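The structure under discussion appears below in the form of structure tokens.
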Amino acid sequence: MQPRLDAPLPLWMIFPVVFAALYLSHFTLLRLPYYWDEAGYYIPAAWDFFRTGSLIPITTLTNAHPPLPSIYLALWWKVSGFYPEVTREAVLMVAALGLLGVWRLAMRLVGVSAVAFWTVALTGLYPNLVCAEHAGPRGHLCRGMHTVGACVRASRPRPQAWAAALWFAAARTLQGDAIAFRYPGRYEPGGRFRVRPPARFRLWREAAWLSSCVLPLAGWFAWHYAKTGFLFGNPEYLRYNAQATLDPLRIWWPSAIGRCT
């Protein structure tokens, strides 16, 4: 059988191109020192796991963020050494995986390579459209897992809910608020009763699989509380990161700064 000349490129050929583009665009930044919450939490937390195997940080105050970034980075440090460029290259690989998911989604929805290319290029230039996070380890890891999970949901006429649930669970163990998705109409309670019983059972099963992605995160918070006595991190972090957001001055102040600048 002769290959079709107009057949879409396989994903294994697209991934190295996307990674190379990300690597070259970040090349001058790979050796920069860790900054902001990288140096304040995520790198020390991963370093503690790398040295001691403890998922709860020892050298910095715990804020109850899920542990998968620490595990992932520690594995790369074990293979390639503890260097900033190793950390950022490992994270860029997951970012490339996320953009590969964007390519697959575009091809699934439109089927035109040019549309998929520009969708990936624009998403790479402004990735906050996928996940409103910074360009550090957590942001790229979150975007990668989140997008791949969405890709699995749209990759087949009858998508595998359990596979999407695994990717969504991985995203949640990277960042607790990584995924906030609304069930389509067919998964809502009213929608289930508008279909025949056999199909209704399948919809209930798929909805249960998708909902199960919260279980690893719930288990992490329960274990963290049992070990530290804090459910959502140390009290000072919880006050600043969550409770203080309800302060009217904190709501007003950033907008006032924006008007002044």
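The values are calculated or read from the model by the stated rules, or taken from the named source; none is laboratory data. Computed from a prediction, not measured in an experiment: that's the story for all the values here. Positions of Cβ are generated from backbone atoms using ideal geometry, with glycine treated the same way; all protein chains shown enter the neighbour counts. Remember, those area values only see protein heavy atoms, side chains included, never the ligands or the DNA or RNA. Shrake-Rupley method; radii C 1.70, N 1.55, O 1.52, S 1.80 Å.
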- Give the residues of segment 57-89 that are among the β-branched types (Val, Ile, Thr), part of a loop (DSSP other than H, G, I, E, B) and either surrounded by 19 or more Cβ atoms within 10 Å (Cβ to Cβ) or touching a Pro at 6+ places or on another chain (Cβ under 8 Å) (or both), sorted by residue number. Thr59, Thr60, Thr62
- Message: If I filter segment 234-245 for residues that are part of a helix (DSSP H, G or I), in contact with a Leu (Cβ under 9 Å, 6 or more places away or on another chain), surrounded by 15 or more Cβ atoms within 10 Å (Cβ to Cβ) and modelled with pLDDT of 70 or more, do I get at least one hit?
- Response: yes
- Task: Would you please list the contacts, defined by Cβ atoms under 8 Å and residues six or more apart or on different chains, that run from a residue in segment 159-176 that is among the aromatic types (Phe, Trp, Tyr) to a residue that is at pLDDT 75 or above and in a helix (DSSP H, G or I)?
- Result: Trp162/Trp209; Phe168/Leu210; Phe168/Cys213
- Item | Residue count for segment 207-216, restricted to those that are under 16 Å from the mean Cα position of the chain (by Cα), open to solvent by 20 Å² or more (accessible area, probe 1.4 Å) and hydrophobic (A, V, I, L, M, F, W, C) | 1
- Task: Just one of (1) under 23 Å from Phe221 (Cβ atoms); (2) touching a helix residue (DSSP H, G or I) at 6+ places or on another chain (Cβ under 7 Å) trips up Thr52, so point out which.
- Result: (2)
- Any residue in segment 210-228 that's closer than 12 Å to Pro67 by Cβ: show its pairings with residues that are open to solvent by less than 60 Å² (accessible area, probe 1.4 Å) and among the basic types (Lys, Arg) at Cβ separation under 6 Å, as long as the two are six or more apart or on different chains. Leu217/Arg172
- Query: Looking at Gly40, Gly53, which one is at positive phi and free of Cβ contacts under 8 Å to residues at least 24 places away in the same chain?
  - Reply: Gly53
- Count - residues of segment 40-56 that are under 22 Å from Ala169 (Cα atoms), among the hydroxyl-bearing types (Ser, Thr, Tyr) and open to solvent by 30 Å² or more (accessible area, probe 1.4 Å): 1
- Item | Qualifying positions in segment 160-198 - modelled with pLDDT under 70, farther than 20 Å from Trp220 by Cβ and among the hydrophobic types (A, V, I, L, M, F, W, C) | Phe193, Val195
- Among the numbered conditions (1) modelled with pLDDT under 90; (2) open to solvent by less than 30 Å² (accessible area, probe 1.4 Å), tell me where Asp37 comes up short. (2)
- Can you give me the number of residues within segment 90-127 that are more than 24 Å from Phe168 (Cα to Cα), open to solvent by less than 60 Å² (accessible area, probe 1.4 Å) and aromatic (Phe, Trp, Tyr)? 0
- Message: For segment 57-110, which positions are on the phi > 0 side of the Ramachandran plot and free of Cβ contacts under 8 Å to residues at least 12 places away in the same chain?
- Response: Gly81
- Verdict on Ala95 being touching a helix residue (DSSP H, G or I) at 6+ places or on another chain (Cβ under 7 Å) and under 20 Å from Trp118 (Cβ atoms): yes
